[in-house]
Structure formats: C-alpha cells, structure tokens
Amino acid sequence: MTTTRAHLPRTTTLPCTRKTTVHSDSRVIPFVIQREGEEAAPDNLRLTPIGGGRYRLRYADEDPRDRDLRGVLWARCAFSEVDDEGRPMGRPQWRMMHPLRQRGCMQTLRCQVCAGPARTPLGWIFVAGPSTVDPNNEPVLTNQPPVCPEHARTAAELCPHLTAEPMVFLARSAPLYGVNGVGYGVRDGNVQVVERPDGPLPYGHPLMPTVLASQMVRRIGAFRLLSLAELFTELECAA
C-alpha cells in the first residue's frame, strides 16, 4: 500500500492580539477509556473457508455491528452502565481504550475525551507522546482519536502515554489506514491466535480476513507540528 503526505514546516504562531487560556479539568475521564467491568465478551470465533486455502474469521452469532466499515471483524467487549448524560461509569482503566468506543471516535473523527465533534477551522488536532509517533517516519500513524480544542490539554494531562507538553499534530487530513489486532488460525484443532503483527495492518493486507481488530488507526496527512500554546493561539486567531 503506497501512502503519501505533505509535512508542512513548523512556523511561528500567527500575530494576534487576542489571548486564549484553556484550563484542564482533572475530573474528566476520557470517553474512550475502558472501565472496570468492561471485560472481553465471549468470542465464539469460527473460521470459514473462502477458497484458495484462505479463511474468513467470523462469530458464530455475528451481528453487523461486529464489523467496521471496511468489513474487518472487531473484538467484543462488555459495556458498563452509563450515567444520566450517557457517559460510561466505573473505575477507569487508564492504560486501556475500549475497542468499540475507540473505533467509534476514530471512525467519525470525534473527540476522544467528550465524544463531541473534533474538527476545527484549521483541521483536526492529534496529540502524541514522544515515544508513540515519529513525525519523521512515513506514514505517520496514530491509534489515538483526535481531540477538540476544549479538551486538548486535558487529554495531555490525563493520558498515561502523553506528557504535559505533547507533540501536537494539526492535520488537514487523516484518512483511515488500518487496524491494530491479532491474526487467527487453527492450531491443535482450535481457533486461536497464530500471528501478532508488530504494528498496524493496512486495510487490504492479506492477513485482514482473519484479523480480530482492537484499535482503528488513521494516517496523519498534511500537518504542522505545534506546541499546545501555539495551537491555542492559532485557533483563537482563526476564530
């Protein structure tokens, strides 16, 4: 699969007389975070021959919601109870993202913290830690859904993979790339994991028919790399 991108050079912030101050809210629990009790659901996995020695992974009681828009099968996970505002309840499992909430936010480019619209007049905001995304390697990939301006700093302070001053990608485009997941096959007469890819698999990869996905991945296209302060200044000037 061939990917291209335009890496826009880092620039100084636009001249602007207005000043924006964005405060974080430590009480917020990002929408995509998995909660206590949201355990993996029974999988009931089966492999169906599709010809040429190839197979397709499926659930014995499969529902259309078990697959994403590209037809890839997704890991099932229980849902916790929700509060009066429809937000998940339960103790947060900070280092885990709920696979279906992550997929929903990534698929629709909604904020990973509040699940609201994330698009800004200048594009989408993706935040990343120093060891999670390398802006100099192509393609630039992320499994972190975007954030809205209101929750950019909150995400940076709450996510264990980030730092208080994360890399901020202000992206003009972020097309779907593929998924993180594991490949299934038959071993000792049972359907079980036989491949654990080192990184994301692009849609169209030969392994995809037997993959059980857990995270959706996007490619960050044309982007500028900013600090949080530069981001807020530019968004204020563009408002």
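The values are calculated or read from the model by the stated rules, or taken from the named source; none is laboratory data. Small disclaimer: the values here were computed from a predicted structure and weren't measured. All Cβ positions, even for glycine, are placed from backbone atoms using ideal geometry, and neighbour counts span all protein chains on display. These area figures cover heavy atoms from the full protein model, side chains too; ligands, DNA and RNA do not enter into them. Shrake-Rupley method; radii C 1.70, N 1.55, O 1.52, S 1.80 Å.
Odds and ends about this structure:
- Simple spin-label estimate for Asp198 and Cys237 gives 4.1 nm between the two label positions (7 Å along the Cα-to-Cβ direction from each Cα).
- Rg/Rh for region 55-114 (Cα atoms only, Rh after Kirkwood) is 1.00.
- Across Ala128, Ala155, Ala78, mean-square fluctuation computed from a Gaussian network of the chain (C-alpha pairs under 10 Å connected) peaks at Ala78.
- Degrees, to the nearest 10: 99-108 long Cα axis against longest axis of the chain: 60
- Taking the DSSP bridge list for the chain and keeping only pairs wholly inside it, about 95 percent are antiparallel.
- A prolate overall shape is assigned to region 148-213, the ratio a/c of its alpha-carbon gyration tensor axes (a ≥ b ≥ c) being 1.5 or greater and a/b exceeding b/c.
- Dipole of the chain computed with +1 at Lys/Arg Cβ and -1 at Asp/Glu Cβ about the Cα centre; of Leu69, Ala229, Val182, farthest Cα towards the positive end is Leu69.
- Computed on the chain, with alpha-carbon pairs under 8 angstrom and 6+ residues apart, the relative contact order is 26 percent.
- Per residue, the solvent-accessible area of the chain (1.4 Å probe, heavy atoms of protein chains only, all protein chains present) comes to 52 Å².
- Quotient of Cα Rg and 2.2 N^0.38 Å for region 188-239, N being how many residues it contains: 1.98
- About its Cα centre, the dipole of the chain is roughly 640 debye, where the only charges are +1 on Lys and Arg Cβ and -1 on Asp and Glu Cβ.
- Comparing Pro200, Pro64, Pro166 in a Gaussian network model of the chain (Cα springs below 10 Å), the most mobile by mean-square fluctuation is Pro64.
- Here the Kirkwood formula, the inverse mean of 1/r across different C-alpha pairs, assigns region 111-239 a hydrodynamic radius of 16.0 Å.
- The value of relative contact order for region 143-211, using C-alpha pairs under 8 Å at least six residues apart, is 23 percent.
- Qualifying trypsin sites (Lys or Arg not before Pro) for region 128-236 [loop in DSSP, other Cβ within 10 Å: at most 16]: Arg172
- Measuring with a 1.4 angstrom probe and ignoring ligands and nucleic acids, Ser131 comes out at about 110 Å² accessible.
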